[in-house]
1. Quick one: count up the residues across the range 144-191 that are more than 17 Å from residue 118 (Cα to Cα), at pLDDT 95 or above and assigned to a loop (DSSP other than H, G, I, E, B).
2. May I ask you to list the residues in the range 100-132 that are in contact with a Ser or Thr (Cβ under 6 Å, 6 or more places away or on another chain), over 17 Å from residue 167 (Cβ atoms) and either open to solvent by 10 Å² or more (accessible area, probe 1.4 Å) or among the polar types (S, T, N, Q) (or both)?
3. Any residue at all in the range 31-38 that's open to solvent by 80 Å² or more (accessible area, probe 1.4 Å) and assigned to a helix (DSSP H, G or I)?
4. Among the candidates 67, 74, 21, single out the residue that is open to solvent by less than 40 Å² (accessible area, probe 1.4 Å), in contact (Cβ under 8 Å) with a residue 12 or more places away in the chain and not in a helix (DSSP H, G or I).
5. Does residue 10 meet the test of being open to solvent by less than 40 Å² (accessible area, probe 1.4 Å), modelled with pLDDT of 95 or more and not β-branched (Val, Ile, Thr)?
6. Out of the range 91-113, which residues are over 15 Å from the mean Cα position of the chain (by Cα) and over 23 Å from residue 52 (Cβ atoms)?
7. Of all residues in the range 133-174, which are open to solvent by 40 Å² or more (accessible area, probe 1.4 Å) and among the polar types (S, T, N, Q)?
8. Has the range 112-125 got any residue that is in contact with a helix residue (DSSP H, G or I) (Cβ under 6 Å, 6 or more places away or on another chain) and in a loop (DSSP other than H, G, I, E, B)?
Amino acid sequence: MSESLRAGWDERHRGQPPGEAEPFLAAMLARIPRGVALDVAAGRGRNALALARAGMQVLAVDLSTEAMRILAAAARTARLAIWPVVANLDSFHLKDESFDVIVNINFLDRALFPKFARALRPGGILIADTFLVDQAAISAPRDPRFLLDRGELRALAGGLEIEEYREGLTAYPGGERAFRASMVARRRKAN
């Protein structure tokens with residue numbers, strides 16, 4: 001990952017508050033197991049903060065040093081169990097069976113999904129929510145590398161049991177709209 005990419009994300013996050021959790025994650029909080037969570041591409045930590053407030057210990061990983069600084073300050077102020085880590089997810093090692101929950105919001109690296117499945121403990125949950133290919137017609141992102149085809153998120157869950165799956169146009173409280181695919185998938189418990 002280039003330093004110019006990191007610098008661009010640092011500038012984008014600078015001076016911004018963490019924000020509110022993604023509505024799909026907020027709606028799913030009551031049904032996920034408590035324990036250790038991983039927030040993938042956490043940004044300023046809006047989802048990590050929601051997970052920690054729900055009683056989870058959270059490892060938040062992002063490329064942006066500035067985003068992790070903002071999250072660290074918010075976690076410290078609220079006395080929440082969040083460990084921000086600046087790392088490139090391309091080379092970040094996910095230990096097998098080490099997380100009860102993995103949250104992947106607004107980030108798409110298809111190669112990570114098999115690693116997510118292995119990193120979940122038996123009974124663990126993957127929550128994924130990101131943009132569909134239809135999004136390019138109305139707003140960013142427009143790069144096909146970061147847009148899911150219809151049904152693709154379901155296929156990426158290979159080996160996990162899908163408990164909730166949605167695709168389509170999502171309306172947000174502020175009037176914003178986005179085409180999204182959202183999923184809750186569970187790793188089977190050992191017999």
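1. 4
2. Those that are in contact with a Ser or Thr (Cβ under 6 Å, 6 or more places away or on another chain), over 17 Å from residue 167 (Cβ atoms) and either open to solvent by 10 Å² or more (accessible area, probe 1.4 Å) or among the polar types (S, T, N, Q) (or both): none in the range 100-132.
3. Yes, there is a match, as at least one residue in the range 31-38 is open to solvent by 80 Å² or more (accessible area, probe 1.4 Å) and assigned to a helix (DSSP H, G or I).
4. Selected residue: 21, the only one of 67, 74, 21 that is open to solvent by less than 40 Å² (accessible area, probe 1.4 Å), in contact (Cβ under 8 Å) with a residue 12 or more places away in the chain and not in a helix (DSSP H, G or I).
5. No; evaluated as a whole, the condition is false for this residue.
6. 91, 96
7. Result: 139, 170.
8. No, every residue in the range 112-125 fails to be in contact with a helix residue (DSSP H, G or I) (Cβ under 6 Å, 6 or more places away or on another chain) and in a loop (DSSP other than H, G, I, E, B).
The values are calculated or read from the model by the stated rules, or taken from the named source; none is laboratory data. A quick note: this is a predicted structure, and the numbers were derived from the prediction, not measured. Using ideal geometry, Cβ is built from the backbone for each residue, glycine included, and neighbour counts are taken over all protein chains shown. The accessibility values were calculated without ligands, DNA or RNA, using every heavy atom of the protein model including side chains. Shrake-Rupley method; radii C 1.70, N 1.55, O 1.52, S 1.80 Å.
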